[in-house]
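Worksheet for the structure shown next.
The values are calculated or read from the model by the stated rules, or taken from the named source; none is laboratory data. The structure presented is a predicted model; accordingly, all values stated were derived computationally and were not measured. Backbone-built Cβ (ideal geometry, glycine too); neighbour counts: all protein chains shown. Areas reflect the complete protein model, heavy atoms only, side chains present, ligands, DNA and RNA absent. Shrake-Rupley method; radii C 1.70, N 1.55, O 1.52, S 1.80 Å.
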Amino acid sequence: MSGISGSADDSGAEQEGERGRRGKRGRGQRESGPAKAVDPREAAREICLRQLAVRPRTRAELGAAMRKRGVEEEIAAEILDRYDEVGIIDDAAFARAWVNSRHHGRGLSRRALAGELRRKGVSSDEMGEALEELTPDMEEQTAKALVVRRLRTETRGTPEAIFRRLVGMLGRKGYPPGLAIRLVKEALAERDDAAEFADSIDADALADAAHDPDVQ
């Protein structure tokens with residue numbers, strides 16, 4: 001009998017403890033109250049500010065970031081218009097800074113820079129104004145400097161292999177084949193170990209072949 005009584009007492013104590021714990025949880029939930037609703041405009045601004053904290057962004061980039069997070073188009077447009085008004089975003093200034101940084105820092109050509117700006121949503125007019133500052137002479141001088149700097153480290157391979165690598169390097173940075181071939185030929189002609197090979201290069205024929213889709 002005492003064993004049965006003990007079991008009943010234990011069971012009752014457990015039930016009482018569980019009710020107490022439920023009561024505490026209930027009081028805690030009532031005290032904390034419902035979760036505070038998030039202001040959609042504030043959430044949209046936070047998305048933009050996080051993006052801008054990394055680097056300057058175009059209007060299109062910020063718009064894409066908000067769409068990805070489910071911000072309503074009307075709210076996104078409102079935020080972007082306000083940022084335009086106060087100068088937080090300025091696609092024209094962004095394009096000028098991008099061209100200056102990427103040309104001098106990475107040696108990219110006008111064509112390569114135009115592609116990057118287009119992907120970032122910069123308009124044709126703003127892109128054109130930014131690229132006007134990069135003249136053909138500046139572009140050629142930058143390409144020539146890239147070749148000279150690269151040649152200092154090119155110690156392996158035949159002159160032909162070096163020629164192909166340097167022309168390919170300029171091509172990846174957006175320079176046209178004719179310019180790339182001519183500049184690399186001129187640079188190789190100044191090296192004793194590659195002058196004979198450079199003299200044999202037909203720059204015009206190679207440039208024409210590079211533009212011909214039927215030539216493999």
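Please give the direction-averaged projected area of the C-alpha convex hull for segment 68-127, in square nanometres with one decimal.
5.0
For LEU108, enumerate residues with amide H under 5 Å from its amide H, sequence gap 5+ or separate chain, H modeled in the peptide plane.
Residues meeting the criterion, in which the H sits 1.01 Å from N, are HIS103.
I want the local charge near MET127. Using Cβ-Cβ distances under 12 Å, sum +1 for each Lys or Arg and -1 for each Asp or Glu among the other residues.
Numbers: positive: ARG96, ARG110, ARG111, ARG118, ARG119, LYS120; negative: ASP91, GLU116, ASP125, GLU126, GLU129, GLU132, GLU133.
Taking every other residue near MET127 into account, the sum is -1.
Quick one: ranking ASP204, ASP91 by accessible area, 1.4 Å probe, largest first, what do you get? Don't jump to the answer; show the numbers that get you there.
On the way: ASP204 115, ASP91 25 Å².
Heavy-atom accessible area, descending, gives ASP204, ASP91.
Could the peptides 72-82, 93-103, 141-151 be put in order, highest first, of the mean number of other beta-carbon atoms found within 10 Å of their residues? Display every interim value, and only then the final one.
On the way: 72-82: 14.5, 93-103: 18.2, 141-151: 16.1.
Highest mean packing first, the order is 93-103, 141-151, 72-82.
For segment 108-122, just list the computed ³J(HN,Hα) in residue order, Karplus coefficients 6.51, -1.76 and 1.60, θ = phi - 60°, integers in Hz, with x standing in for Gly and Pro.
Result, ordered by residue: 6, 7, 4, 4, 5, 5, 4, x, 5, 5, 4, 5, 8, x, 6 Hz.
So for each of 49-55, 121-127 I average, over its residues, the number of other beta carbons within 10 Å; can you give me the resulting order with the highest mean first? The partial results should precede the final answer.
Numbers: 49-55: 11.0, 121-127: 16.9.
For the peptides 49-55, 121-127, the packing ranking is 121-127, 49-55.
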